[in-house]
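The values are calculated or read from the model by the stated rules, or taken from the named source; none is laboratory data. Remember, it's a predicted structure, so these values are computed and weren't measured experimentally. Quick reminder, even Gly has a Cβ in these numbers, built from the backbone with ideal geometry, and neighbours come from all protein chains shown. In case anyone asks, the SASA skips ligands and DNA or RNA and just uses the protein heavy atoms, side chains included. Shrake-Rupley method; radii C 1.70, N 1.55, O 1.52, S 1.80 Å.
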Amino acid sequence: MEAPIVAAAGLRKRYDKHEVVCGVDFTVRPRECFGLLGPNGAGKTTTIRMLTGFAPIDAGTLSVFGLPVGPADVRAIKSRIGVAPQEENLDPDLTVAKNLLIYASYFGIRGGDARARVAELLAFAALADRAADRIPTLSGGMKRRLVLARALVNRPRLLVLDEPTTGLDPQARHLVWERLRELKRSGVAMLLTTHYMEEAAQLCDRLVVMNHGRIIAEGTPRDLIERYVGREVVEIATGDDPGERARVAARCRALGGRVEEVGDHVLLYLDGAADARAVLAALASETLTHRRATLEDVFLTLTGRELRE
Ligand SMILES: Nc1ncnc2c1ncn2[C@@H]1O[C@H](COP(=O)(O)OP(=O)(O)OP(=O)(O)O)[C@@H](O)[C@H]1O
Ligand SMILES: [Mg+2]
């Protein structure tokens, strides 16, 4: 097997008395899109900040392209990765094009090469007509696309994307997905965080779910759905009468499969063993939706429905 692009083992990070990354192990393999999912505050950005050299590691080992992350190799690592951070950190005093040109100069790309690369990236991010505009005049989605374009300046072999499509409209999100797939086909490996489960399902070859600084599940999207949820879900609307909800829940329990009561719904998770047709026939008098299980079901099953930080 080829050497991993990223290898983390026993990785830990503490802020004051609070350990926020508590012994995390994962690898990102060549040409793979690897997802880091988890609720707000799970420790995803902190993990990425350690990987990209912005936060020192407290314990464990972390290597990128076989090089240990640390002061000695930070330049060599940075020259081969592209980072789109969660917080937008474009220079507000510069134009769109100048933001990219300055960034290119950090990698020794100057003059005509830099201008050509910037033109390419502006086209890639569908921002060519905004090249001369200053950052504060852009919409949130345009800034997000520019951050992604900037991450590509040095033709990285690993892209680290912390919530690349948060705040994007559906059109822009689909554009970014298409671009990320193109990059993946060209051999770029990716480490991606997202709160959009559809995004993770579409893009990630493998993913981990983090919760309170620990990895609690790992696998392909399909494996995780089968392992933690099953194949299909029946959602039954019960209105907000708790008695009615309890009645429906009891009926569902009698049919087999896991049952969850959520607000004005009862969810019945059907694994491969349950006979979906018989269940649907038995519940025919209820107001129901029958759908395939998704990664969102996995996420909520594993991390609960309580609000986080
Ligand atoms: N510089 C810091 N100083 C103190 N605490 C921090 C710092 N950075 C992060 N934390 C804490 O570490 C925990 C993990 O934060 P982190 O940003 O890694 O979460 P996340 O998984 O990226 O969440 P989100 O989905 O909201 O972006 C949180 O409790 C956060 O408050
Ligand atoms: Mg984060």
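How many Å² of accessible area per residue for the chain, probe 1.4 Å? Present the calculation step by step, with values, prior to reporting the outcome.
On the way: 15010 Å² over 309 residues.
It amounts to 49 Å² per residue over the chain.
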**OP:** Using +1 at the Cβ of each Lys and Arg and -1 at the Cβ of each Asp and Glu in the chain, identify which of L267, V248, A116 lies farthest towards the dipole's positive end.
**Re:** A116
**OP:** May I ask for the angle, rounded to the nearest 10°, between helix 170-185 and the longest principal axis of the chain, with both axes built from Cα atoms and the value confined to 0 to 90°?
**Re:** 70
Subject >> Helical mean residue ellipticity (222 nm; -39500 (n - 2.57) per DSSP H run of 4+; nearest 500) of the chain >> reply: -10500 deg cm²/dmol
Subject >> Unit charges on C-beta of K, R, D, E only; dipole of the range 230-293, Debye >> reply: 280
**OP:** Return the carbon/sulfur percentage of the accessible area of the chain, one whole number, probe 1.4 Å, all protein chains in place.
**Re:** 51
**OP:** Rounded to the nearest 10 degrees, what's the angle between the helix 140-151 long axis and the longest principal axis of the chain, both from Cα atoms, 0 to 90?
**Re:** 60
**OP:** Treat every Asp and Glu Cβ in the chain as -1 and every Lys and Arg Cβ as +1, leave all other atoms uncharged, and give the resulting dipole magnitude about the Cα centre to the nearest 20 debye.
**Re:** 1200
Original post:
So, by mean Cβ neighbours within 10 angstrom, what's the order for 143-154, 223-234, 164-175 with the highest one leading?
Top reply: 143-154, 223-234, 164-175
**OP:** Provide the gained length on full extension for the span A9 to A254, in nm with one decimal, where the gain is 0.36 nm per separating residue minus the Cα-Cα distance.
**Re:** 83.8 nm
Original post:
What number comes out for the charge environment of R206, summing +1 per Lys or Arg and -1 per Asp or Glu over other residues with Cβ under 10 Å away?
Top reply: -3
Original post:
How large is ³J(HN,Hα) for each residue in the range 60-74, as worked out from phi by the Karplus curve 6.51 cos²θ - 1.76 cosθ + 1.60 (θ = phi - 60°), to whole Hz, x for Gly and Pro?
Top reply: x, 10, 8, 10, 10, 6, x, 9, x, 6, x, x, 4, 10, 4
